[in-house]
Structures are given as structure tokens and as C-alpha cells.
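Participant: Have a look at this one before I ask anything.
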Amino acid sequence: MTFIEFKKHLLDAEITLPKFSKLIKVSEKNIQSYKKKGEVPNPIAVIVVCFVEMKKAGLDYKEIIEKLELTAKTKKGVGFANKSNKSADDSKQN
């Protein structure tokens with residue numbers, strides 16, 4: 001699905017991109033990056049089309065998704081260490 005088609009589906013689902021990203025717990029910046037690529041990944045395409053179809057069927061997809069209690073993924077790894085923890089680690093080494 002092209003990014004333009006994705007945006008049209010968002011309009012059909014009556015949801016903005018920021019609200020969509022918040023609802024599915026994916027960074028808005030991450031979703032905006034697909035604009036440069038010209039396409040959205042299949043899972044994002046499936047989600048937005050399902051939202052449109054649920055809206056057409058009179059289902060409140062927002063309520064359904066919120067019941068899933070999704071959590072945002074956090075970045076892990078050496079480059080993402082908390083600075084306060086790093087300072088504590090540095091003082092332990094001295």
C-alpha cells in the first residue's frame with residue numbers, strides 16, 4: 001500500500017495520523033518515515049483497512065484496540081542507556 005493510499009484510509013477511518021500512531025502504540029515518527037519510502041508495511045496496511053471496515057460496520061475500533069492494553073516498545077541497547085544510570089555506573093568504576 002502506498003503512503004498516499006494509507007493517508008486516504010486514515011481519512012475513511014476518521015482518524016488522524018498522530019491519533020492512529022498513539023492508538024497502535026507506534027511512534028508517529030516511525031510511521032512518517034514510510035512517507036519517504038512511499039509504502040507502508042503490510043501490518044500497518046492491514047490495520048488501517050480493518051479500521052475502515054470496522055467503522056463502516058458501525059464498530060468502535062478505538063474502544064476495541066484500547067481493550068488490548070498495548071504497550072509501546074522501548075529501545076534497548078548500549079546507545080540507549082539512561083544517563084542517570086550511566087553516571088552511577090561511572091562512579092562505581094572510580
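The values are calculated or read from the model by the stated rules, or taken from the named source; none is laboratory data. What you see is a predicted model; the values in this text were computed from it and never measured. All Cβ positions, glycine included, derive from the backbone under ideal geometry; neighbour counts span all protein chains shown. To get the accessible areas, we keep the full protein, side chains included, count just its heavy atoms, and leave off ligands, DNA and RNA. Shrake-Rupley method; radii C 1.70, N 1.55, O 1.52, S 1.80 Å.
Participant: Quick check on my filter: what residues within the range 21-42 are surrounded by fewer than 17 Cβ atoms within 10 Å (Cβ to Cβ) and either basic (Lys, Arg) or outside any helix (DSSP H, G or I) (or both)?
Facilitator: 22, 25, 27, 29, 35, 36, 37, 38, 39, 41
Participant: For the range 58-69, name all the residues that are hydrophobic (A, V, I, L, M, F, W, C) and open to solvent by 70 Å² or more (accessible area, probe 1.4 Å).
Facilitator: 59, 64, 68
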